[in-house]
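Heads up: the structure comes next, in structure tokens.
The values are calculated or read from the model by the stated rules, or taken from the named source; none is laboratory data. In this text, all values refer to a predicted model and were calculated from it rather than measured experimentally. Positions of Cβ are backbone-derived with ideal geometry, glycine not excepted, and every protein chain shown enters the neighbour counts. SASA here: full protein model, heavy atoms, side chains in, ligands and nucleic acids out. Shrake-Rupley method; radii C 1.70, N 1.55, O 1.52, S 1.80 Å.
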Amino acid sequence: MIDLKLLRASPQQVRAALARRGDPSVTRLLDELEALDMRRRALTGQLDQLKGERNEAAKADARLMKEKGALPPDVRGSRRALGERIDALETELKGVEATLEEKLLYVPNLPLPELPDGDASHNKIVRAWGEPAPKGGRPHWEIGDALGMLDLARGAKLSGSGFPVFVGAGAKLVRALITFMIDLHTREHGYVEVEPPFVVKREVMQGTGQVPKFEDDVYKTAPDDLFLIPTAEVPLTNLHRDEVLDAAKLPLGYTAYTPCFRREAGAAGKDTRGLLRVHQFDKVELVRFTRPADSAAEHELLTRHAETVLQRLELPYRVVLLSAGDVGFTSAKTYDLEAWAPGVGQWLEVSSSSTFTDFQARRAGIRYRPAPGAKPEFVHTLNASGLALPRTIAALLETRQQSDGSVTVPAALVPYLGIERFGPRSAGGP
């Protein structure tokens, strides 16, 4: 949630920043917010004046009662009218404030100045690692099927398209990747492992920005109005909802493995083959809480933590800084980590590393006290996938496929799998 005080004090600064997103509807929304804020301040001023008049009237009435024992009818009528006027204005004020709070939830975060202007075509490659294999070879869905690791047809039979089934060595690969990533982030990067719930309340989804704007993209249950998490970012960030954190303990870092559920309502027909776009997938998530002054450095550190996974898996990748017109609704700055998949000939996003500044903290009420006795301030929140499994597996299978149909295992995974390559004898399934 943006700071309404900033919009009030520097409206042109806010408008210029949000205009970089290239969404004209945001300008109209800001117009509505400014009008509502002006009406709220006008009502507040009127109420303060009328309540002051009521207080003075009460003093006068006390003197009249003492002198005459009763209030004249015209005075009683005047006081009643004053009370009714105050009640009406208070009702209107509550309505204006509720509308203002609701509309604020639809305003995106302000992109940081260092983001390139323009849409996705203006995204900037900031670095790369490894030597990408030449485009070609079999796509991952053919490899996984041939090795008995991936069964897309049975997944569709169970739940519809976008719900893959990993079997045999494929299921073991999923488990190995999750354990390897959690071990890396807890043992070497200092994150605290968490196993959160996979369903959360509406206010929790609202805290990290998934609802109300993107409610059509998530799965929810009825009648209890719980949501299946689209990412572990949601419960991990909200662990400290409505709390004041100890500044001495910042930064805080959490990691979790969870399944993730996304309807992808706006992505019909895009990348439907294999594992490129699915409705349920496994992911290891990284979330950090930090002081605002340390936010930029923490974002770089977080990104490096996600990159380390790709380096240990020996997967060539690139780091892409998203433009202001491509960055997500809640994000102030995002790096996408894209692994090369030669079989499909694409760079696949396997992680987004984002800083949200105080945007999520305002929505979720997460603060810290800079010094003993100081007024609490909002923390900055950050998160990154560390990593998402489907596209990581796609890149791994396609990058490490061999001419004999087998797939070699990166050295970092050998202790978790107990084998050095996937072949017909290492796979298996129904």
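A compact table of results
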quantity	calculated
Filter result for GLU215 (under 29 Å from PRO376 (Cβ atoms) and of a type in the set (D, E, K, R))	no
Only listed residue being more than 26 Å from GLY207 (Cα to Cα) and of a type outside the set (Gly, Ala, Ser), chosen from PRO24, PRO72, PRO108	PRO72
Any pair with Cβ under 6 angstrom, 6 or more apart, that starts in region 152-175 at a residue that is modelled with pLDDT of 95 or more and ends at one that is among the hydroxyl-bearing types (Ser, Thr, Tyr) and buried (at least 19 other Cβ atoms within 10 Å of the Cβ)	ALA169/SER426
Criterion (open to solvent by less than 20 Å² (accessible area, probe 1.4 Å) and in a strand (DSSP E or B)) met by exactly one of ALA306, ALA339	ALA339
For ALA222: the one exception among (1) at pLDDT 95 or above; (2) over 13 Å from the mean Cα position of the chain (by Cα); (3) aliphatic (A, V, I, L, M)	(1)
LYS124 open to solvent by 80 Å² or more (accessible area, probe 1.4 Å) and within 30 Å of ARG28 (Cα to Cα)	yes
Residue in region 406-416 that is surrounded by fewer than 16 Cβ atoms within 10 Å (Cβ to Cβ), in contact (Cβ under 8 Å) with a residue 40 or more places away in the chain and part of a loop (DSSP other than H, G, I, E, B) present	no
Meets criteria (in contact (Cβ under 8 Å) with a residue 40 or more places away in the chain, open to solvent by less than 20 Å² (accessible area, probe 1.4 Å), under 30 Å from ASP242 (Cα atoms) and hydrophobic (A, V, I, L, M, F, W, C)) for ALA364	yes
Residue match in region 234-249 (condition: in contact (Cβ under 8 Å) with a residue 60 or more places away in the chain, under 17 Å from the mean Cα position of the chain (by Cα) and assigned to a strand (DSSP E or B))	no
Residue satisfying all of: in region 219-233; assigned to a loop (DSSP other than H, G, I, E, B) and free of Cβ contacts under 8 Å to residues at least 24 places away in the same chain; nearest to ASP183 (Cα to Cα) among these	THR221
Residues located in region 385-400, provided they are open to solvent by 10 Å² or more (accessible area, probe 1.4 Å) and either of a type in the set (Val, Ile, Thr) or touching a Ser or Thr at 6+ places or on another chain (Cβ under 8 Å) (or both)	SER385, ALA388, THR399, ARG400
ARG273 part of a loop (DSSP other than H, G, I, E, B) and open to solvent by 30 Å² or more (accessible area, probe 1.4 Å)	yes
Evaluation of GLU314 against (1) surrounded by fewer than 22 Cβ atoms within 10 Å (Cβ to Cβ); (2) more than 16 Å from the chain's Cα centre (by Cα); (3) in a helix (DSSP H, G or I) (one fails), failing number	(3)
Cβ-Cβ under 8 Å pairs, at least 6 apart or on other chains, region 9-21 side touching a residue at least 40 places away in the same chain (Cβ under 8 Å) and among the aromatic types (Phe, Trp, Tyr), far side part of a loop (DSSP other than H, G, I, E, B) and crowded, with 21+ Cβ neighbours inside 10 Å	none
Test: residue in region 225-236 that is open to solvent by 60 Å² or more (accessible area, probe 1.4 Å) and either more than 13 Å from PHE261 (Cα to Cα) or among the acidic types (Asp, Glu) (or both)	no
Listing of helices (runs of 4 or more DSSP H) fully contained in region 114-218 that carry 2 or more residues being acidic (Asp, Glu)	140-146
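Listed here are the residues, each with its yes/no results for (1) out of contact with any strand residue (DSSP E or B) (no Cβ under 8 Å at 6 or more places or on another chain); (2) not in a helix (DSSP H, G or I); (3) not basic (Lys, Arg).
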| site | (1), (2), (3) |
| --- | --- |
| GLN12 | yes, no, yes |
| GLY22 | yes, yes, yes |
| THR27 | yes, no, yes |
| LEU30 | yes, no, yes |
| GLU34 | yes, no, yes |
| ALA42 | yes, no, yes |
| ARG80 | yes, no, no |
| LYS94 | yes, no, no |
| LYS103 | yes, no, no |
